[in-house]
1. Set the Förster radius R0 to 41 Å, insert the Cβ-Cβ distance between B:GLU502 and B:ALA475 as r into 1/(1 + (r/R0)^6), and round the FRET efficiency to 0.05.
2. For a quick check: with amide H placed at 1.01 Å from N, whose amide H comes under 5 Å from B:ARG190's, ignoring anything fewer than 5 positions away on the same chain?
3. State the answer as a single residue: which of A:PRO138, B:GLY321, A:ILE59 lies farthest towards the positive end of the charge dipole of the protein assembly as shown, with beta carbon charges of +1 for Lys and Arg and -1 for Asp and Glu, about the Cα centre.
4. Give me the number: length gained by fully extending A:LEU126 to A:ILE49, i.e. 0.36 nm times residue separation minus the C-alpha to C-alpha distance, one decimal in nm.
5. What is the local net charge at B:PRO55, summed over the other residues whose Cβ is closer than 14 Å to its Cβ (Lys, Arg +1; Asp, Glu -1)?
6. With charges set only on the Cβ (+1 for Lys and Arg, -1 for Asp and Glu), what does the dipole of the range B:64-215 come to about its Cα centre, in debye to the nearest 20?
7. Can you tell me the FRET efficiency between B:LEU136 and B:GLU186 if r is taken as the Cβ-Cβ distance and R0 is 45 Å, rounded to the nearest 0.05?
8. Kindly put B:VAL497, A:VAL21 in sequence by how many other C-beta atoms sit within 10 Å of each C-beta, fewest to most.
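Each value in this text was obtained by applying a stated rule to the coordinates, not by laboratory testing. These numbers come from a predicted model, not from an experiment. Note that we place each Cβ from the backbone using ideal geometry, even for glycine, and neighbour counts take in every protein chain shown.
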Amino acid sequence: MSRARNDILISAFLVLLLLWVVWEARSWPFRTRLFPWAIGFPVLALAMIQFGLACWKAIRERSYADAVHTHGEPVEKADAGRSGHQARLEVPTGEEAGVVLDPKLERQRTISISAWTVAFALGFYLFGFKVGSLLLSPAFLRFQAEESWKMSVFYGLGIYLFFLVAFELALGTPLPSGVIATSLGLQSFDWYLVNPILNIILGR
Amino acid sequence: MLEAFLSGLLDVFAYPTFLLMLLGIAAGFVVGILPGIGSPGAMAIMLPFIFAMKPLEAFAFLLGMYAVTATTGDITSILFGVPGEVVSAATIIDGHPMAKHGEAGRALGAALMSSLVGAVIGAFTLAAAIPIVTPLVLSFKSPEFLALGLLGIAFLAVLSGESKLKGVLAGGMGLVLAMVGLDPQENIERYTFGLVGLWEGVGLVAALVGLFAIPEIVDLWVKGTGIAETQVGKLGGVWQGIKDTFIHLGITLRCSMIGTFFGLVPGVSGALSQWVAYGHAVQSASDKSRFGKGDVRGVLGPGAANNSGIGAAMIPTIAFGVPGSATTAILLGAFIIQGLQPGPKMLTEKLSLIFSMVWLIVVSNIITVMVCLIFLNQLAKITHIRGALLIPALLTLVFLGGYADTNSYLALAITLSFGVVGLVMVHQGWPRPPMVLGLVLGPLIERNLFISYEVYRFGFLLRPIVVVIIVIALAVLFLPNIQEMVIRRSALKEKAVVASEE
């Protein structure tokens, strides 16, 4: 889908969202709706303008593409109007430097890392942060990044120890144990193994 | 004030502040040298660590990291032609050709020393600005702060993206998202869908890490890093680069002033000042023939400008609560997490903390430059780390950050949702910093709007300073369009004259 069409969808979504924002506030007391309306109405107006502009841009692009298709006019680059000085100063940033990817590969990689991101969130929800990262980090490294088993397992243990030492021991911030352990009435999956060891090491 | 200035210095060296600053610096080295995770993303990822810290410790950690990233970003710009940070891009033009000609050490020495000079100038500008801005800030009331908040969003919106309208709209959406939760006046639920987990709002850290860190992690995987395709040889000539900084001290100082000025203006970040500084270095040189081919002055200018902006950008953030960039917007979020409120209270009651920040910037930059000079060859090896190895640790920190803010699993879903929003925004060219600023400033703006209305009704809009700020905001929004129209008209006129002459 083209960027122009995506912009239409996004701005249409924003218009609907903002309509709901200002509509929802109608029954609230004045003090409660003052800010939502003071901000909501102007932003709604801006979203409508953006929607109009996105539609206009899409129509213009389409008619231009039609003209090119019909008459075979050369397509000018979007940045052709830039001055030579500006063009000279354009240097790739860290995000884009030196990497030109096949769009199909880029899409595949985006989907796979997005799926892993969701898997990590789900893993933390189910198993907590320490055990979740202990399980998911090696899984990611072995099956997605194709690192060796040895590297993956040591990395997982390293991450686990980092969070144990940095958060629970140094910062004194207990990490959640996940809904499975909580629903089973357990302290956490690792607590029964790690706590006795810590007691010995710390002389507790 | 002098007492606070000196006690601020002593506080920096106290335990565990100094140790945390060193940890922040170490994290900054990795972030700055590896492209992909930018300074705002890294700052957001590090937020979960500060929950258990005291304010000074938290800022030692965050400022230590922030101060380092701009400096270390120059290393990859020079060695590989790949900027570690966006603010290091201009260093490539002359730094990388110097490296190609076997002068990598000299270019790095120049970049590091000019960065240090710039950072010190920027930090002391912050210190010098405190007595000047304090009476001004103390004279401001709620209407002025309300207008300033909106002005800050306008600045950031206009200058941080390809489309002004998208920027302003993103800022507006940030303000709308800040409305979620219990209304502060009547305790009525607003846009919570009946979820108790949303009563306190969407969770600032969850939103920040989602918006900034998740898209960068995706980018890290998609593009893949391990930027160093070639081995770096031994880096000699570093001392010559350091000497160059003082041989061309005029350029270094003037470019530091340029960076300081740009840092003061909200929305105009180092990404722009480095180019202006480079332009100045070229313009002011009598012999311009070497620029673009490896002139050390082309390294000194951007290097000094980048780092001087760090201290200067703290002035509007601390004094008015108007951050100048995505990184300072996240830093403002850290202020709020730590229970600090920028503005009059901060300037009067937390003076020692502000001066500690000044010293933190100075000390962390000195340490950075020393570490870089001693371990330059070893630091270059960080560039061989594969991006994939960072991803599991980063993802864990991202979700932990979101969770730690509210201690609710709902934060994981919020982090993911903002991650999706961030990805879409990056893909579609919508700027994220204005949205963050809207989200951070939303509660402050609402409170100031409410107080202004209660005290002055709509008369607050006619207060002189408010009128001035509104005029500035309108100028920021529309002046570029007017200028463009004037240029177009004059170009059309010229064309018409040429056509009639022919």
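1. After rounding, the FRET efficiency stands at 0.55.
2. Amide H to amide H, under 5 Å and 5 or more residues apart or across chains, B:ARG190 pairs with B:GLY181, B:LEU182, B:ASP183.
3. Value: A:ILE59.
4. 23.3 nm
5. With Lys, Arg at +1 and Asp, Glu at -1, the net is 0.
6. Computed about the Cα centre, the dipole is about 260 debye.
7. Values: r = 34 Å, r/R0 = 0.75.
Calculated transfer efficiency: 0.85.
8. Fewest to most other Cβ atoms nearby, the residues stand as B:VAL497, A:VAL21.
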